[in-house]
Amino acid sequence: MKRRAKTDPNLVILIESLKRGSREAGAGVWRDIAQRLEKPSRNWAEVNLSRLDRYTEEGDVIVVPGKVLGAGSLSKKLTVAAFKFSESARKKIEDAGGRSMTIEQLVRDVPDGSGITIMG
């Protein structure tokens, strides 16, 4: 079976920058996320806010290599980075006092990858 290459140029750039960040900072977490994003999108994580609320603590930094969905509520202040967000998820995160960002922004903010939890 022939493996298909990713066609979304933004995704290709993101994967390359994650791998580069992993090599430069020696942070294996970025390589792990890049490998998860290289898989078919039907296998990507889809995480609801209720799951984030259940399994995290106040102030955690969470990475979702996929999409964050708005089902459920969020009662904690979290920093969530993901490839995609639904509009309702982004609004609920910001209403709870948290921050939603892209994975690229998180790589710039925390290049060594310390204190990051991968959810999904």
Checklist line | Residue that is surrounded by the most Cβ atoms within 10 Å (Cβ to Cβ) [pool: residues in the range 103-120 that are under 15 Å from TRP44 (Cβ atoms) and either without any contact (Cβ under 8 Å) to a residue 60 or more places away in the chain or not β-branched (Val, Ile, Thr) (or both)] | finding: MET119
Check: In this structure, is GLU57 within 26 Å of ALA96 (Cβ to Cβ), acidic (Asp, Glu) and assigned to a loop (DSSP other than H, G, I, E, B)?
Finding: yes
Notebook entry, point to check: Within the range 38-60, restricting attention to residues that are surrounded by fewer than 17 Cβ atoms within 10 Å (Cβ to Cβ) and among the charged types (D, E, K, R), which residue is nearest to the chain's Cα centre (by Cα)?
Noted result: GLU46
Notebook entry, point to check: Across the range 36-54, what is the number of residues that are assigned to a helix (DSSP H, G or I), of a type in the set (S, T, N, Q) and at pLDDT 95 or above?
Noted result: 1
Notebook entry, point to check: Can we say GLY97 is out of contact with any Ser or Thr (no Cβ under 7 Å at 6 or more places or on another chain), on the phi > 0 side of the Ramachandran plot and modelled with pLDDT under 95?
Noted result: no
Check: Can you tell me which residues in the range 67-78 are crowded, with 18+ Cβ neighbours inside 10 Å and either outside any strand (DSSP E or B) or over 10 Å from the mean Cα position of the chain (by Cα) (or both)?
Finding: LEU69, GLY70, LEU74, LEU78
Note to self: Here are the criteria: (1) under 28 Å from ASP95 (Cα atoms); (2) without any contact (Cβ under 8 Å) to a residue 60 or more places away in the chain; (3) of a type in the set (Gly, Ala, Ser). Tell me which single one ALA45 does not satisfy.
What the structure shows: (2)
Notebook entry, point to check: Just to be sure, is VAL64 surrounded by 20 or more Cβ atoms within 10 Å (Cβ to Cβ), in contact with a Gly (Cβ under 7 Å, 6 or more places away or on another chain), modelled with pLDDT under 95 and not polar (S, T, N, Q)?
Noted result: no
Notebook entry, point to check: In the list ILE93, ILE33, which residue meets the criterion of being among the β-branched types (Val, Ile, Thr) and closer than 21 Å to VAL12 by Cβ?
Noted result: ILE33
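The values are calculated or read from the model by the stated rules, or taken from the named source; none is laboratory data. The model shown is predicted, which means the values in this text are computed figures rather than measured ones. All Cβ positions, glycine included, derive from the backbone under ideal geometry; neighbour counts span all protein chains shown.
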